[in-house]
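**Student:** Below you will find the structure I want to go over with you.
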Amino acid sequence: MQGLAMKGLMLAVLVWTLISPSSGSKAWPTHTVCRDGNLEVLYQSCDPLQDFGFSVDQCSKHLKSNLNIRFGMILREDIKELFLDIALFTKGSSILNFSYPICEEDLPKFSFCGRRKGELIYFAGPINNPGFEILPGEYQVLLELYNGDGSTVACANATVISS
């Protein structure tokens, strides 16, 4: 029974952390995804109502095609369909815009597809992406997850610094 109470307390702390910005602050804290000698990746939620957790297992300028990630959040919207938009900028100029369907009604790619508002989603595992080398520079990345109704599920402003 004590173990169950501890799990409930830990879940309550996680929920409070994810939905409560710091007192007196209007912005969520900046999180470090990874930091290596030549690479640093930071992000901040741009959703005014909630934060989320994200991390990667590898912090290397040589991004492999199978990258292990961890992502967790409490849903404020149903995700029968889920899409990811990525916009990459450097020195104020757009260098890449990319859209990717993560959950399609007839083709769910992940176990969390179809989850409902209020549910906790957590994903830990590999994602397929093109392998490439991150060139030296500072990049800004805007990531937005939105559902089939166009409602924002999560968004982040990220900074990638590569030397």
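**Student:** Filter region 32-86 down to the residues that are touching a helix residue (DSSP H, G or I) at 6+ places or on another chain (Cβ under 8 Å) and among the hydrophobic types (A, V, I, L, M, F, W, C), then identify the one that is nearest to Asn157 (Cα to Cα).
**Tutor:** Phe52
**Student:** Could you check, for region 128-138, whether at least one of its residues is β-branched (Val, Ile, Thr), touching a residue at least 40 places away in the same chain (Cβ under 8 Å), part of a strand (DSSP E or B) and open to solvent by less than 80 Å² (accessible area, probe 1.4 Å)?
**Tutor:** no
**Student:** Now a separate question. Checking Leu145 against (1) without any contact (Cβ under 8 Å) to a residue 12 or more places away in the chain; (2) within 20 Å of Trp28 (Cβ to Cβ): exactly one of these is not met. Which one?
**Tutor:** Every condition holds for Leu145 apart from (1).
**Student:** Given the criteria at pLDDT 95 or above and open to solvent by less than 70 Å² (accessible area, probe 1.4 Å), does Val141 qualify?
**Tutor:** Against the criterion (at pLDDT 95 or above and open to solvent by less than 70 Å² (accessible area, probe 1.4 Å)), Val141 qualifies.
**Student:** Further, regarding this structure: Mind checking which residues of region 45-84 are under 24 Å from Gly118 (Cβ atoms) and open to solvent by 40 Å² or more (accessible area, probe 1.4 Å)?
**Tutor:** Cys46, Pro48, Leu49, Phe54, Arg70, Arg76, Glu77, Asp78, Lys80, Glu81, Phe83
The values are calculated or read from the model by the stated rules, or taken from the named source; none is laboratory data. Quick caveat: nothing in here was measured; it's all calculated off a predicted structure. Note: ideal-geometry Cβ built from the backbone for every residue, glycine included; neighbour counts use all protein chains shown. With ligands, DNA and RNA removed, areas are computed over all heavy atoms of the protein, side chains included. Shrake-Rupley method; radii C 1.70, N 1.55, O 1.52, S 1.80 Å.
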